[in-house]
2 protein chains.
Amino acid sequence: MNVQRHVPAMYHQIADVLRGEIDRGTHPAGQPLPTERELCEQYSVSLTTIRRALAILREEGLITTRRGAPSAVRECPARRTVVMGRGSKLTCRMPTTTERFAMGIDRGVPLVEVRDRLGHVEVFLADQVEVLSPEGLASATTRVMDFA
Amino acid sequence: MNVQRHVPAMYHQIADVLRGEIDRGTHPAGQPLPTERELCEQYSVSLTTIRRALAILREEGLITTRRGAPSAVRECPARRTVVMGRGSKLTCRMPTTTERFAMGIDRGVPLVEVRDRLGHVEVFLADQVEVLSPEGLASATTRVMDFA
DNA sequence: GAGTATTTGTACGTATGTATC
DNA sequence: GGATACATACGTACAAATACT
């Protein structure tokens, strides 16, 4: 039948190891990771493979990399609580590269857009906010309206 | 001195051109892009550079790439409208690689997590939902509570 | 279904540029 | 200025999934 055990690519495996270490606090927030060369030797792989592993963690918003400086674990900022106005609509998306450069947004950080009933739009960095629905009476569960 | 006009990397420039073409409908949703080799010739750059340009568009959720098949413009699915329960909290983040594989999520698609007052969590793909705050009286504007 | 061509994915190497320390 | 470290860009080869005949 040839079930074909899928072996994850080396750079995925390395990203998984590093992610685990970050989660367990082996590399505390704000602290530098080993340099790319060091990681190459540590895992006996090429620079390319290490850089792809780091790219994954960057896309997940776990680390930041800057030219000339060692890669570092991203410090997750404290989240502000934002209360949605009644009848506001919220969507979430990745910023364009232009937006990232203009607003200095790290890779792997989505945007939250809240549009109120007057059409005014507010944009937040997803990792810095927690959106609260307004208190009130009734319904404690999320309702899904499916138009499909 | 030495203002050093910052010249964007070639792969950024190419990504910008392709993004523009996608936005203008030159490459309609669901349709394949030119192959990587064709793009190499078209822009007179190496395969590496083209692949990095495509990686950007992938991170932005604009295209999908699959081994063996040509890269294609992502079709943006119709958004369901989800109504938040009162007192629910919403956060948004990138999925982990594990989640992406397990749930078959394309790169560049954030997750929306809604936690109701009982602690129950619902997860949505960010590009498939629009979250509505419950209707009611009062406040039409978004209130920000800053604890800093 | 079988076989082949196409296309992207993975992984290696090398050289040079540029920002940071 | 020098050393360090990441960024950009070229190249190559083979693997694996898909698409086509």
Checklist entry - Has the stretch A:44-59 got any residue that is more than 16 Å from DNA strand C (Cβ to nearest atom), under 26 Å from B:E113 (Cα atoms), buried (at least 17 other Cβ atoms within 10 Å of the Cβ) and modelled with pLDDT of 90 or more? => result no
Next on the checklist: Of everything in the stretch B:35-69, what is within 14 Å of another protein chain (Cβ to nearest Cβ), hydrophobic (A, V, I, L, M, F, W, C) and within 11 Å of DNA strand D (Cβ to nearest atom)? Give them in sequence order.
Outcome noted: B:L47, B:A53, B:A55, B:I56
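If you go through the stretch A:17-34, how many residues are within 14 Å of chain B (Cβ to nearest Cβ) and within 15 Å of DNA strand D (Cβ to nearest atom)? Steps first, please.
Narrowing the stretch A:17-34 to residues within 14 Å of chain B (Cβ to nearest Cβ): A:17-20, A:22-23.
Adding the requirement that they be within 15 Å of DNA strand D (Cβ to nearest atom) leaves A:18, A:22.
Adding up the residues that qualify gives 2.
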Item to check | Scan of the stretch B:109-144 for residues that are part of a loop (DSSP other than H, G, I, E, B), at pLDDT 90 or above and either touching a Ser or Thr at 6+ places or on another chain (Cβ under 8 Å) or facing chain A (nearest Cβ under 7 Å) (or both), ordered by number | outcome: B:P110, B:D116, B:R117, B:L118, B:H120, B:S133
Next on the checklist: Checking the condition under 22 Å from A:A55 (Cβ atoms) and either hydroxyl-bearing (S, T, Y) or more than 13 Å from DNA strand C (Cβ to nearest atom) (or both), which residue from B:T35, B:T65 passes?
Outcome noted: B:T65
Next on the checklist: Test of understanding: among B:M103, B:M94, which residue is out of contact with any His (no Cβ under 6 Å at 6 or more places or on another chain) and either at the interface with chain A (Cβ under 7 Å from one of its Cβ atoms) or crowded, with 20+ Cβ neighbours inside 10 Å (or both)?
Outcome noted: B:M94
Checklist entry - Looking at this structure, is A:R74 crowded, with 16+ Cβ neighbours inside 10 Å, within 21 Å of B:I56 (Cβ to Cβ) and touching a residue at least 12 places away in the same chain (Cβ under 8 Å)? => result yes
Checklist entry - Across the stretch B:4-16, what is the total count of residues that are more than 11 Å from chain A (Cβ to nearest Cβ) and surrounded by 12 or more Cβ atoms within 10 Å (Cβ to Cβ)? => result 2
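The values are calculated or read from the model by the stated rules, or taken from the named source; none is laboratory data. All values derive from a computational prediction rather than experimental measurement. With ideal geometry, Cβ positions are generated from the backbone for all residues, glycine too; neighbour counts draw on all protein chains shown.
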